[in-house]
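The values are calculated or read from the model by the stated rules, or taken from the named source; none is laboratory data. Because the structure is predicted, anything quoted here is derived from the model rather than measured. Backbone-built Cβ (ideal geometry, glycine too); neighbour counts: all protein chains shown. SASA here: full protein model, heavy atoms, side chains in, ligands and nucleic acids out. Shrake-Rupley method; radii C 1.70, N 1.55, O 1.52, S 1.80 Å.
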Amino acid sequence: MHITLEFGGGLELLCDSVKIHNVDVELKKGLEKLTMKDLLAWVRTNLIKERPEMFMKGDTVRPGVLVLVNDCDWELSGQLETTLQEKDVVVFISTLHGG
Amino acid sequence: MHITLEFGGGLELLCDSVKIHNVDVELKKGLEKLTMKDLLAWVRTNLIKERPEMFMKGDTVRPGVLVLVNDCDWELSGQLETTLQEKDVVVFISTLHGG
Amino acid sequence: GSAPAHGLSSDMIYRYSRHLLLSSFGVQGQSKLVKSSILVVGAGGLGAPALMYLAASGVGRLGIVDHDVVELNNMHRQVIHTEAFIGQPKVKSAAAACRSINSSIQVVEHQEALRTSNAIEIMSQYDIVVDATDNAPSRYMISDCCVVLGKPLVSGAALGLEGQLTVYNYNGGPCYRCLFPTPPPATACQRCSDNGVLGVVPGIVGCLQALEAIKIASAIGEPLSGRMLLLDALSARVRIVKIRGRSIHCEVCGENTTFTKEQFKNFDYENFTQSPLSAAPLKLNLL
Amino acid sequence: GSAPAHGLSSDMIYRYSRHLLLSSFGVQGQSKLVKSSILVVGAGGLGAPALMYLAASGVGRLGIVDHDVVELNNMHRQVIHTEAFIGQPKVKSAAAACRSINSSIQVVEHQEALRTSNAIEIMSQYDIVVDATDNAPSRYMISDCCVVLGKPLVSGAALGLEGQLTVYNYNGGPCYRCLFPTPPPATACQRCSDNGVLGVVPGIVGCLQALEAIKIASAIGEPLSGRMLLLDALSARVRIVKIRGRSIHCEVCGENTTFTKEQFKNFDYENFTQSPLSAAPLKLNLL
Ligand SMILES: [Zn+2]
Ligand SMILES: [Zn+2]
């Protein structure tokens, strides 16, 4: 499944400072859908090059990271249970505090 | 066919100051596609309430109006010949000169 | 004779004529703005443009809170301050600039750090709060205090080449804690002083904060509540995303909250976020 | 000893430390900025923030063109000017403000209207041009002159509660005439002076113009060329759209163009657009 992943607010530093990743995520055998839970595990394994604790805590993102599926907070679509569609755009962005 | 139309840069004043119009445009009998040329005629008839010369000149938009189909200049998709799809977003925006 | 109901003198009518001409703003919008009061917390990178545009627009009473002094390494982004004010309190410098732009408004100087001990007293004097601070504990503290006092909060942030903006606690919308119930690890709380910021990025965000505060004060348009603006200056991209609404489980604004003014006063935000309210001095060893 | 290759004094290293800390900007970006020159045409609503942020950021030579004087009814949006300068030339007022923010840069005052007779001489002294004017003939004139001289043009506009921004004539991208080969009818050319503008809207656009000029001068990121940013302040929406590229048929920058400096000097932009280069005084009869 083709997904566009974007990292911002400093999270791009965890994946070679590349902000936009166009990726193909294979569905696990026997499964027909890809959830955000599956995607997070995939990102953790395939994209995060350093300090994974700055991206995840337990099986979800660390506090202070907003997750957006097609420009919409994943809280509104079921968080980890959100089902992804072909060509979805998923954004991980760390909240900023500077001024 | 369901189309979202947006007017900006002052053009909304020609349609009761409403910027966003969600409309259903019926295809002409015998035709299978809707082009920008058809849509302009439809807008001219159904939405423009005053000073149509501020919106169109001849069978196209007047100079100084940008037309965007799904956030892309219609010059890149064939101008009047652009074929529209269900749920397309068409923006008409007048260029501003103020500062 | 009695003053007209719109409260605008003939000087004001001339000064704000371009606002009055606007059909979607007009006399009514300006009149509301002149009667409104706005507090800007922080006279730094975000506060600089926010304060200048709020002063220029005619906000009736404009408060500034800051405890810092102007330094040369602020000047690349804090355009409200001039070199002549280096070493002077930022509040004094910013207030002088606001008054020089618009002598018809009231500018109030709060030359102190905002803390749980003074936040309620200061913030309760204003209709709207603009968070232009630079650290996580201040952001939690200001949002919590806005919830306790029932004030809308225009929140901006900038770091590096990115900016973020939203309106909290407005008209039933979410508060900062609804979005971020648990503070991020202290190592994720980067500051401009440690990580750098392109000066014009907080400029853009601060202007957008002024816009949202003006919209709320004058009751025009749709404020950026329940939505967040994300700016990526390097690629010139702007994303406006839909965020969650008020959380019924929120510890501060939720249905079963017991968070009171008293609890606010005793809450330890530095301990909660494991991060200090004031930035440490810069250690630059680049070249 | 000889100066370091980056051209930054120790004072500059301290002043710009938050820029130098940025990995995507750094010493290289600052060094390019300090060696660059930028001309801002118009010290009004767009020019005010653009000039302040360009000065603060450390552009080496900053030029200002304007023939107008500061008026009280400019103050709601032209935050670079203070009440003390009412009646004084905007160029003098803006230059004084830029110098007070950053005494280490060179600020050049061009106290005159930009016209075909002086545009080539003035604009050829700068690397980048920022169009912060308020009328259609000036926009055509500035773009054409940028094409003739091969300069990138950062173009912003604001009216009412809307703003527009793009970069013309950059790296093979389109010029103003590629987009608008035929001028709009004069009745469509609204000015702030006739139709009003919310002061902070040109503030946002002017900051974005400064950002794009800084990106071009320091060779970082992706400038907004071939794209246009559309801001709707009332609904807090931003759209960044893809626009056409350079037109091979463009009369000024196209393949078979014969547009020369000589033709530029003789071109009548007021007649072409049926619109004057300078705004008429405001006639306000609102209340
Ligand atoms: Zn809450
Ligand atoms: Zn061209």
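Considering only the range B:2-94, what is the antiparallel percent among its DSSP beta bridges, to the nearest 5? That works out to approximately 75 percent antiparallel.
List the lysines whose alpha-carbon lies under 28 Å from that of B:K29, not counting same-chain residues fewer than 8 positions away? Excluding near neighbours in sequence, the set is B:K37, B:K49, B:K57, B:K87. Calculated FRET efficiency, C:T182 to D:N171, Cβ-Cβ distance, R0 = 56 Å: about 0.80 to the nearest 0.05. For the residues D:A210, D:A95, D:A84, a GNM of chain D with alpha-carbon springs under 10 Å puts the largest fluctuation on D:A84. Restriction of the GluC sites (Glu not before Pro) in the range A:10-99 to DSSP coil positions whose beta-carbon has at most 14 other beta-carbons within 10 angstrom yields A:E26, A:E32, A:E50, A:E86. Over chain D, dividing the summed -39,500 (n - 2.57) contributions of all DSSP H runs of at least 4 residues by the number of residues returns a 222 nm mean residue ellipticity of -9500 deg cm²/dmol. Report summary: the helix-based calculation at 222 nm, which adds -39500 (n - 2.57) for every DSSP H run with n ≥ 4 and divides by the residues of chain B, gives -3500 deg cm²/dmol. Result for chain B in a Gaussian network model with C-alpha springs under 10 Å: among B:G78, B:G58, B:G30, the largest mean-square fluctuation is at B:G30.
Here each label is just a point 7 Å from Cα along the line to Cβ, and for B:N22 and A:T35 those points are 3.0 nm apart. Here A:T60 sits with roughly 40 square angstrom of accessible surface, probe radius 1.4 Å. A probe of 1.4 angstrom, applied to the heavy atoms of all protein chains, finds B:K37 with accessible area near 100 square angstrom. Counting Cβ atoms of other protein chains within 10 Å of each residue's Cβ and taking the mean over peptide C:74-86 gives 6. Here r is the Cβ-Cβ distance between D:Q274 and B:E86 and R0 is 56 Å; the resulting FRET efficiency, rounded to 0.05, is 0.85.
Straight Cα distances below 18 angstrom link C:K261 to the lysines C:K151, with same-chain residues fewer than 8 positions distant left out. Backbone geometry of the range C:116-123 corresponds, through the Karplus equation with coefficients 6.51, -1.76 and 1.60 at θ = phi - 60°, to 3J(HN,Hα) couplings of 4, 6, 10, 4, 5, 5, 6, 5 Hz, x marking Gly and Pro.
Length available on full extension from B:D59 to B:S77: 0.36 nm per residue minus the Cα-Cα distance, which gives 4.7 nm.
With a Förster radius of 51 Å applied to the C-beta separation of C:A84 and C:S23, the computed FRET efficiency comes to 0.75. In the range C:143-183, whose amide N lies under 19 Å from the spot 7 Å out along Cα-to-Cβ of C:T258? List them in ranges. Flagged as within label range: C:148. The GNM of chain C, with springs linking C-alpha atoms under 10 angstrom apart, assigns the highest mean-square fluctuation among C:L234, C:L149, C:L179 to C:L234. Ranked from largest to smallest solvent-accessible area, with a 1.4 Å probe on the protein heavy atoms, D:M52, B:M1 come out as B:M1, D:M52.
Taking label points 7 Å from Cα along the Cα-to-Cβ direction, B:N46 and C:R115 give a separation of 6.5 nm. Name the lysines eligible as straight-distance cross-link partners of C:K90: C-alpha to C-alpha under 23 Å, and not fewer than 8 places from it in the same chain. In chain and number order, the partners are C:K283. Extension gain, C:Q125 to C:R244: 0.36 nm times the residue separation minus the Cα-Cα distance gives 39.9 nm.
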